[in-house]
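Beneath this line is the structure, given in C-alpha cells, with notes to follow.
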Amino acid sequence: MFKVLQNEMHVPNIHLLVVEAPEVAREIKPGQFVIVRPSEEGERIPLNVSDWDREAGTLTIFFMNAGSSTDLLASVEAGSEIPTVVGPLGRETEIEKYGTVLLVGGCYGIGSIYPIARALKDQGNNVVTIIEGRSSYLIFWEDRLAEVSDQLIVITRDGTKGLKGHISRLPEIVSTLDTPVDRMIINGCTHLLKRGSDASRPLGIKTIVSLNPIMIDGTGMCGVCRVTVGSETKFACVDGPDFDGHEVDWAELRQRRRTYITEEVVPTRTSRCEEHAASRRDG
Amino acid sequence: MIMPEKKKLDLNRREMPKQPPEVRRQNFNEVALGYRAETAIEEAVRCLQCKKPLCVSNCPVEIDIPAFIKRIAEGDFAAGAKKLKEKNLLPAVCGRVCPQEEQCEETCVLIKKGGQIAIGRLERFLADWEAAQGGAPVPRKPKRTGKKVAVVGGGPAGLTVAGDLIRLGHEVTIFEALHKMGGVLVYGIPEFRLPKAIVEREVRYLEMLGVRIVTDFVVGKTRSINSLLEEYDALFVGSGAGLPWFMDLPGENLNGIYSANEYLTRMNLMKGFLFPDFHTPIKEHRRVATVGGGNVAMDCARTALRLGAESRIIYRRSREELPARLEEVENAEEEGVIFEFLTLPLRYIGDGNGWVREIECLRMKLGEPDDSGRRRPVPIEGSEFIMPMDAVVCAIGNSPNPLIADTTPGLEIGKKGNIVADDETGRTSKARVWAGGDVVMGAATVILAMGAGRKAARSIHEYLSSG
Ligand SMILES: Cc1cc2nc3c(=O)[nH]c(=O)nc-3n(C[C@H](O)[C@H](O)[C@H](O)COP(=O)(O)OP(=O)(O)OC[C@H]3O[C@@H](n4cnc5c(N)ncnc54)[C@H](O)[C@@H]3O)c2cc1C
Ligand SMILES: Cc1cc2nc3c(=O)[nH]c(=O)nc-3n(C[C@H](O)[C@H](O)[C@H](O)COP(=O)(O)OP(=O)(O)OC[C@H]3O[C@@H](n4cnc5c(N)ncnc54)[C@H](O)[C@@H]3O)c2cc1C
Ligand code: SF4
Ligand code: SF4
Ligand code: FES
C-alpha cells in the first residue's frame, strides 16, 4: 500500500498528487512514468512524474480528470492509501548537452516537463520552456519552471496570459531566439504532441515526444501500447514513452486511444438521468 | 477401508462431472466440478500400488503418487493431503492444469490397457477437500539460517523456490511486477479453468510460512539484480515468458486486434468480465477469431465465447497437430468454438474508422514433416478468401521479456532471449543467481516450471549451507 500525502485540484480539472513510494523515488529519472491503481477494483493508470524527493521517498504527479479511473483517483483523500504505485517505468528522456533545447509542456506536461528542464539545465544547456494552456487559469508552476529555464514563454489559447494561440506559433518563437534550436521535447496530451511535431518539422528541429497510448501492465507484457514509429511497431511502455515526433504514426495512435471511448468516456459524460428515471419506474 | 487381497483389474477411469456445455458457455465458473469423495475412493482403489511406480518418474516435482492415492483409498484424506503437500505446494493448481496425459498418467502402468489412474483428478480432489476443511495446518517454523534469498517473479517457478527455501529456514522475499501474485496462473489461465481463489489460497499459505511478498516491484526497473545482490545471499529469477509475439501482418495495429496476453489480462487479472464493477473494460465483440492452436488459443477462444461472441480458431495445420491439450480442444468444441483448420491469416482490413473488419486468409494443405515431426503446412495457391471479423486475438506464442536481460550485466542470454541456466541446478553464468521456468525454457508448463524451481531451490540450499 502507498500513502497519499496530498491530493487536490491544482488548477481546474488538473490534480496534484503526492504519494509515498520510496523505492520508486530512489530510482526515477526525468521522462519516466509510474502506474497507479486507485482501488482494488481500479484500472492501472499510467502517469508521468513531475517531481520527486529521494530522501522523503515521495513522488509528485499531475493528472487530468479524464474519465472514470482518474475521477476515482481524484477522490482519494490525503492520508489514505492506494494499492499500487509501480515504477519507474519506461526509458528516461535522453539528457545530454545539446546546446539550445526547447521544452514544451501542456496540461499535465507542464508539470512533467519540469524534471527534464532541471536535468538539461544541469548539463549546461540553454533551456527555453514553453507552456501552453487554454486560458491563464490552467497555467501552473511558472515560478518553478522559471528557476530551471533560461527563458519561459507562456501561450494561452484565449490570450489571457502571454502569447495568444497555441504551439503552431513555434516559427515566430524560434525566430526571436538568439541561438538555433538543437532539440525540442514535448510532454502533454496527444494533440499537443502532434501539433508541436507538425510545427517543428519544417524548421528541421529534432523533436522528442512523450507518448501516452493506452497501457495495462507497463512492462512489455500485453502489447496494447503498441505504436508505429518510422514504420516499425514499438511498445511505448518499454521502448518509449519518448519517440521521435516526426516518425510517429499519429493517426494510428489517435485511433487506438479511442478504443474504449464508448465504454469509458460516454458514461462519465452523460448525466445518467435516464437510468435514474428507469430505476424509479422499476420500483 | 482395507485394500482387497486380489482383485480383478478395474480399468474403468472414473469420470469427473462437468458443467454441461450449453450452461457453461454462459458463465465464467469452473467447467470441471471435481470428484465426489465416493468417486475419488473408487478411482483410488484401482491403483496397483506399484513397488517401482513408473508414474512418479514422470512427475517433475516427484510426488509420491502411490502413497497419496493409498490414503484416499483408505479414506484418510487429511493424511493424503499432507503427503501431497510434502512435494507439491500447488496441488489444487497442478491437479487442474498439469498436462497429466503427458506427465504422470502417461507412464502409469495401466496406460497399456487404457485404464491409467486419473492422478490429476485425485490430486485435485485432495487439495479441494483440504481447502474445504479450512486449509492446511501451518507447519512449525524451522530454525532460521540467517540467509536471505530474493525471488524474482511470483509465478509457479518462483512460488516453488520460495516454498522450498522457507521450509529450510532461509529468509525469502518474492518480488512481483504485477499487483497480484501467481504469474500466468492469475493473468493468463481463465477463471473457468483455474479459479483465482485457489491461487490466492496457495499464496496465502506461503505467507503463513513466512515468505515476504512484495508486489508492484519490477526488478530491473524498481531495483536492479545487482542492487538486490548487495542485500541478498542468493537470487532466483522466475520471470516467465511474458513478451507477446505478433505476426507482423499488415493492419495488425487496428483496433480490435489483441495479443492473447492483453485479452486474457483484461479478463483475468483486471476482471474485465465484471466491468463496470471492476474498472478495466473489455469489448463485447460479435465475431472473434483467435489465431493459434495451443492452450493459450483455446483459453482465448473460450473466453470470447463466454463474452457472447461467435468464436473461431484459425490454425494453420490440422486438428491432429493442435498443440493444446486434447481435453481443452474437446471442451472448446463442445462449447461451440468453430475451428478453421489449415488456414493462415495474411492481412487485416479496417472499416475506415480504425477497427478491424475483415481478415484475408489463405488455405493450406499438409506437406512433408518438419523438424518438429509435424507435417508442414503448405499454401494452396489462389485460395485467398475473406473472413468478416470484429476482433482478432493473436495467440501465436511468447518469449522472455528482455527487461532483466538488458539490466543485468554478466547474465548469459540465449538466442531466443532466454536466460541460460544449468538443467540440473538452475545456476546461471552470474554468481549467486539461479533461474528457472519459462524464462529459461521458453513458454512451457506449470509443472515444468515448478520442477525447475525445485532443482534450483536444492542447489541454492546447498550453496547457502556450504558457505
Ligand atoms: C506513459 C504515460 C504517461 C501519462 N502521464 C499522464 C500524466 O502525467 N497525467 C495525466 O493526466 N495523464 C497521463 N497519462 C494519460 C492517463 O493515463 C489517462 O488519461 C488515464 O489512464 C485515463 O483514465 P480514465 O479511466 O480516467 O479515462 P478513460 O475514460 O479511461 O479514458 C480517457 C482517455 O484516456 C485514454 N486512456 C484510457 N485508459 C488509458 C490507459 N490505461 N493508459 C493510457 N491512456 C488511457 C483513453 O484513450 C481516453 O482517450 C499518461 C499516459 C501514459 C501512457
Ligand atoms: C493462457 C495460458 C494458458 C496456459 N495453460 C497451461 C495449462 O493448462 N497447463 C500448464 O501446465 N501450463 C499452461 N500454461 C503455461 C504455464 O502457465 C507457464 O508455463 C508457467 O506459468 C510458467 O511459470 P513461471 O513461473 O516460469 O512464469 P510465469 O507464470 O510467467 O510467472 C512469471 C512472473 O514473473 C513476473 N515478472 C516478470 N518480469 C518481472 C520482473 N522484471 N520483476 C518482477 N517480476 C517479474 C511476472 O509478472 C509473472 O508474475 C499456460 C500459459 C498461458 C499463457
Ligand atoms: S504434479 Fe502434475 S505431473 Fe505431478 S503427479 Fe500431479 S498432475 Fe501428475
Ligand atoms: S503407475 Fe499407476 S498403478 Fe502404479 S502406482 Fe502409479 S498410478 Fe498406481
Ligand atoms: S502496457 Fe502492456 S506492453 Fe506496454
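The values are calculated or read from the model by the stated rules, or taken from the named source; none is laboratory data. The structure displayed is predicted, hence computed values, not measured ones. Neighbour counts run over all protein chains shown; Cβ positions are idealised from the backbone, glycine included. The accessibility values were calculated without ligands, DNA or RNA, using every heavy atom of the protein model including side chains. Shrake-Rupley method; radii C 1.70, N 1.55, O 1.52, S 1.80 Å.
Let's see if you can work this out: charge +1 on each Lys and Arg Cβ, -1 on each Asp and Glu Cβ, no other charges. What is the dipole magnitude of chain B about its Cα centre, in debye to the nearest 20?
1320
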(request) Would you mind calculating the relative contact order of the range B:246-396 from Cα pairs under 8 angstrom and at least 6 residues apart, reporting the percent as a whole number? (result) 29
(request) Identify which of A:SER149, A:SER68, A:SER210 has the largest mean-square fluctuation in a Gaussian network model of chain A, with springs joining Cα atoms closer than 10 Å. (result) A:SER68
(message) Taking amide H atoms as placed 1.01 Å from N in the peptide plane, list the residues 5 or more away in sequence, or in a different chain, whose amide H sits under 5 Å from that of B:ARG376.
(response) B:GLY367, B:GLU368, B:ASP370
(message) Given the -39500 (n - 2.57) contribution per DSSP H run of 4+ residues, what per-residue ellipticity at 222 nm results for chain A, rounded to the nearest 500 deg cm²/dmol?
(response) -6500 deg cm²/dmol
(message) Sort A:CYS107, A:CYS237 by heavy-atom solvent-accessible area, probe 1.4 angstrom, most to least.
(response) A:CYS107, A:CYS237
(message) If amide hydrogens are placed 1.01 Å from N in the peptide plane, which non-local residues have theirs closer than 5 Å to the one on A:GLU43?
(response) B:HIS279
(message) If the elastic network links every pair of Cα atoms under 10 Å, which of A:LEU211, A:LEU192, A:LEU203 fluctuates the most in the Gaussian network model of chain A?
(response) A:LEU203
(message) Restricting to Cα atoms and excluding each atom paired with itself, what does the Kirkwood estimate give for the range A:217-268 in Å?
(response) 11.9
(message) Give me the dipole magnitude in Debye, nearest 20, for the protein assembly as shown about the Cα centre, with unit charges on the beta carbon: positive for Lys and Arg, negative for Asp and Glu.
(response) 1560
(request) Using the charge dipole of chain A (Lys, Arg: +1 at Cβ; Asp, Glu: -1 at Cβ; taken about the Cα centre), state which of A:PHE140, A:SER200, A:LEU47 has its Cα farthest towards the positive end. (result) A:SER200
(message) Where in chain B is the longest stretch that carries no trypsin sites (Lys or Arg not before Pro) classed as loop by DSSP and with at most 16 other Cβ atoms within 10 Å?
(response) B:145-285
(message) How big is the dipole moment of the range A:2-89 about its Cα centre under a simple scheme where the beta carbon of each Lys and Arg is +1, that of each Asp and Glu is -1, and everything else is neutral? Debye, nearest 20, please.
(response) 260
(message) Run the helix sum for chain B: -39,500 (n - 2.57) per DSSP H stretch of 4+ residues, divided by residue count, reported at 222 nm to the nearest 500 deg cm²/dmol.
(response) -9500 deg cm²/dmol
(message) Tell me the net charge near A:HIS15. Cut-off is 13 Å between Cβ atoms, A:HIS15 excluded, with +1 for each Lys or Arg and -1 for each Asp or Glu.
(response) -3
(request) Mind checking A:249-260 for the average number of partner chain beta-carbons within 10 Å of each residue's beta-carbon? (result) 3
(request) Compute the accessible area per residue over chain A, keeping the other protein chains in place, probe 1.4 Å, unit Å². (result) 41
(request) Hey, could you grab the Kirkwood Rh for chain B? Inverse mean 1/r over distinct alpha carbon pairs, Å, one decimal. (result) 23.5
(request) Among B:PRO379, B:PRO99, A:GLY105, flag the residue with its Cα farthest along the positive direction of the charge dipole of the protein assembly as shown, charges on Cβ as +1 for Lys/Arg and -1 for Asp/Glu. (result) B:PRO99
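Using the 2.2 N^0.38 Å rule of thumb for compact globular proteins, work out how the range A:2-89 stacks up: its C-alpha Rg over that value, please.
Rg over 2.2 N^0.38 Å, computed on Cα atoms: 0.96.
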(request) For the protein assembly as shown, compute Rh as the Kirkwood radius over C-alpha pairs and then the Stokes-Einstein diffusion coefficient at 4 °C and 1.567 mPa s; write the answer in µm²/s, rounded to an integer. (result) 46
(request) Give me the net charge of A:GLU40's neighbourhood, meaning all other residues with Cβ under 15 Å from the Cβ of A:GLU40; Lys, Arg count +1, Asp, Glu -1. (result) -1
(message) Please compute the Kirkwood hydrodynamic radius of the range A:100-257 from all pairs of different C-alpha atoms, in Å with one decimal.
(response) 15.9
(message) Rounded to the nearest 100 Å², what is the buried accessible area between A and B, both sides summed, probe 1.4 Å?
(response) 3300
(request) Using a Gaussian network model of chain A whose springs link C-alpha atoms within less than 10 Å, name the residue from A:PRO88, A:PRO38, A:PRO171 with the highest mean-square fluctuation. (result) A:PRO171
(message) Once the convex hull of the alpha carbons of the range B:246-396 is built, what does its volume come to per residue, in cubic angstrom?
(response) 112
(request) Under 12 Å from the Cβ of B:VAL288, count the other residues' Cβ atoms, weight Lys and Arg +1, Asp and Glu -1, and hand me the total. (result) +3
(request) Ignore the peptide's own chain and count Cβ atoms of other chains within 10 Å of each Cβ in B:213-221; give me the average, rounded. (result) 5
(message) In Å and on Cα atoms, what radius of gyration and Dmax does the range B:398-467 show?
(response) 12.0, 38
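Probe radius 1.4 Å, ligands and nucleic acids ignored: give me the carbon and sulfur share of the accessible area of the range B:246-396 as a rounded percent.
Roughly 48 percent, rounded to a whole number.
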(request) Report, in whole Å, the centroid distance computed from the Cα atoms of the range B:230-249 and the range B:146-208. (result) 15
(message) Please compare each pair in B:LYS51/B:LYS455; B:LYS52/B:LYS87; B:LYS18/B:LYS85; A:LYS3/B:LYS147; B:LYS87/B:LYS180; B:LYS82/B:LYS141 to a cut-off of 20 Å on the Cα-Cα distance and tell me which ones are over it.
(response) B:LYS51/B:LYS455; B:LYS18/B:LYS85; A:LYS3/B:LYS147; B:LYS87/B:LYS180
(message) With unit charges on the beta carbons (Lys and Arg positive, Asp and Glu negative) and the dipole taken about the Cα centre of the range B:270-359, which residue among B:ALA289, B:ILE359, B:ILE314 sits farthest to the positive side?
(response) B:ILE359
